[in-house]
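The values are calculated or read from the model by the stated rules, or taken from the named source; none is laboratory data. Small disclaimer: the values here were computed from a predicted structure and weren't measured. All Cβ positions, glycine included, derive from the backbone under ideal geometry; neighbour counts span all protein chains shown.
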Amino acid sequence: MSRKIALRRSPIHGNGVFAVADIKAGATVAVYRGRLITHRQADRLYADGAESGHTFLFTLNDRYIVDGNVGGNIARWINHGCDPNCQAFVEEAEDGNPRHDRVVIEALRDIRAGEELTYDYGITLEVRQTPRLKALWACRCGARNCAGTMLKPKRGRRAA
């Protein structure tokens, strides 16, 4: 199988993943790989995660997180975008074992060779989203609808 993606320097942030060949809508572009850890282990290892503005952690399910810092692949370099051309979703294992679930990155639309791949990280923090944290988690995607931050409102909050 030919490689359709490659790691390059990104105008969005540091490294990024780019299409080196056209990719059709609905195609799987990558599976997010890394060490499987529990939420408790992630809290212990990366307790200051909210303060870094950078993460290679991907929530897999209620029990596990994929830690792309260890054993991660090219998918960890796909940047956030407010108008993404890809989506990430969890594919539950057929055997029902949450350890076998996986994170799949799929093209939302046709992607032309040379385009940078992005998806909406959907980051929610359990702490108050101060202007300082929003700036720390700043989005630099350049989309017309850019929210300016990768952070999403906390779940369960209702508009007044």
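Laid out as a table, the results:
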| quantity | calculated |
| --- | --- |
| Residue check, Cys139 at pLDDT 90 or above, over 16 Å from Gly16 (Cα atoms) and surrounded by 14 or more Cβ atoms within 10 Å (Cβ to Cβ) | no |
| In the stretch 50-101, the residues that are β-branched (Val, Ile, Thr) and in contact with a Phe, Trp or Tyr (Cβ under 8 Å, 6 or more places away or on another chain) | Thr55, Ile65, Val66, Ile78 |
| Residue among Leu57, Leu36 that alone is under 18 Å from Thr124 (Cβ atoms) and among the hydrophobic types (A, V, I, L, M, F, W, C) | Leu57 |
| Those residues of the stretch 66-107 which are of a type outside the set (D, E, K, R) and farther than 21 Å from Asn15 by Cβ, in sequence order | Phe89, Val90, Ala93, Gly96, Asn97, Pro98, His100 |
| Boolean, Glu116 is out of contact with any helix residue (DSSP H, G or I) (no Cβ under 7 Å at 6 or more places or on another chain), among the charged types (D, E, K, R) and under 16 Å from His13 (Cβ atoms) | yes |
| Number of the condition not met by Leu136 [criteria: (1) farther than 19 Å from Asn79 by Cα; (2) touching a residue at least 40 places away in the same chain (Cβ under 8 Å); (3) not acidic (Asp, Glu)] | (1) |
